[in-house]
Amino acid sequence: GDSVTQMEGPVTLSEEAFLTINCTYTATGYPSLFWYVQYPGEGLQLLLKATKADDKGSNKGFEATYRKETTSFHLEKGSVQVSDSAVYFCALTQGGSEKLVFGKGMKLTVNP
Amino acid sequence: DARVTQTPRHKVTEMGQEVTMRCQPILGHNTVFWYRQTMMQGLELLAYFRNRAPLDDSGMPKDRFSAEMPDATLATLKIQPSEPRDSAVYFCASGLSSSGNTIYFGEGSWLTVV
């Protein structure tokens, strides 16, 4: 079945550091890809998405590019802030279905 | 500001008791999901409804869990009897099937079974 593999962490960075969270997927066909973020004590929020190959999703300084050739959707941010401390989930949906398949999530802590 | 509303936010109950969690999806949304989050398993899909009809509940333990949508504004997830291994955060999410797959999550119901 469809699956998502991502870095699990936890990861601790200093403020203004560069962030990369790797995400690869296994799916038949052409999935839509997502990054969700979960702040402490809250539900998941959509951070960005891409629905076809070579699309780049971006939001709040975060970016991810849908790479079909490497089946990847890595999340990047050039300069993290303390407020970016959260758990980040990579996910996919397949074939028009709304069902999200999630990776395990990665906890990020950013220190001042 | 439209949001998915879940109750209760926190629940501590004794093993064997019935637990009912409720969800009010965003008005106008026609898909509803129940996910369970644990440290060991991460996020697991328990049930999925479209236009109030159950489409997929393959991830839900059938012997003790049940999910329903009595009307378009209410989804319920019931555990009877509850067990300590059911301790988790249960998230409800809703979406509009024509909106390009974006779904919106509630803040979760934090369940502890002792």
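The values are calculated or read from the model by the stated rules, or taken from the named source; none is laboratory data. No experiment lies behind these values; they were computed from the predicted model shown. As a convention, Cβ positions derive from the backbone with ideal geometry for all residues, glycine included, and neighbour counts pool all protein chains shown. What goes into the accessible areas is simple: the full protein's heavy atoms, side chains included, and nothing from ligands, DNA or RNA. Shrake-Rupley method; radii C 1.70, N 1.55, O 1.52, S 1.80 Å.
Which longest uninterrupted range of chain B lacks any GluC sites (Glu not before Pro) assigned by DSSP to a loop state (not H, G, I, E or B) and surrounded by at most 12 other Cβ atoms within 10 Å?
Details: sites that count: B:14, B:18.
So the longest stretch without any such site is B:19-114.
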Could you name the aspartates and glutamates whose alpha carbon sits less than 17 Å from that of residue B:78, not counting residues in the same chain fewer than 8 places away? B:14, B:18, B:44, B:56, B:57, B:63, B:68, B:86
With a 1.4 Å probe and every protein chain kept in, tell me what percent of the accessible surface of region B:1-97 is carbon plus sulfur. 50 percent
Most fluctuating residue of A:78, A:41, A:57 in a GNM of chain A with Cα springs under 10 Å: which is it? A:41
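What does the average come to when, for each residue of peptide B:32-42, you count the partner chain Cβ atoms lying within 10 Å of its Cβ? Provide the component values of the computation, followed by the final result.
Values: counts 1, 3, 0, 4, 0, 7, 0, 2, 1, 1, 7.
Partner Cβ neighbours, averaged per residue: 2.
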Projected onto the charge dipole of the protein assembly as shown (unit charges on the beta-carbon of Lys, Arg, Asp and Glu, signs +1, +1, -1, -1), the Cα from B:61, A:112, A:43 with the largest positive-side position is that of B:61
Give the residues of region B:78-98 whose amide nitrogen is closer than 19 Å to a point set 7 Å from the Cα of residue B:14 in the direction of its Cβ. B:79-87
Taking chain A as a Gaussian network, Cα atoms linked when under 10 Å apart, which of A:93, A:28, A:51 shows the biggest mean-square fluctuation? A:28
Where is the GNM fluctuation largest for chain B (alpha-carbon springs, 10 angstrom cutoff): B:17, B:80, B:41? B:41
Within region B:20-54: backbone nitrogen closer than 14 Å to the residue B:74 label point (7 Å, Cα to C-beta): B:20-25
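With a probe of 1.4 Å, find how much accessible area region A:29-112 has per residue, and write the answer as a whole number in Å².
Values: 3520 Å² over 84 residues.
Heavy-atom SASA per residue in region A:29-112 reads 42 Å².
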Work out how far the C-alpha atoms of chain B reach from end to end along every principal axis, then list the three figures in whole Å, largest first. 41, 28, 27
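What total accessible surface area, summed over both chains, is buried at the interface between chains B and A, computed with a 1.4 Å probe and given in Å² to the nearest 100? Don't skip to the end; give the middle numbers.
Details: alone 6510 and 6060 Å², together 10870 Å².
Buried: approximately 1700 Å² between A and B.
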With Rh as the Kirkwood radius over Cα pairs, the protein assembly as shown has Rg/Rh of 0.97
Under the rule that an exposed site lies in a DSSP loop and has at most 14 other Cβ atoms within 10 Å, name the longest stretch of chain A with no trypsin sites (Lys or Arg not before Pro) of that kind, not counting the sites themselves. A:1-51
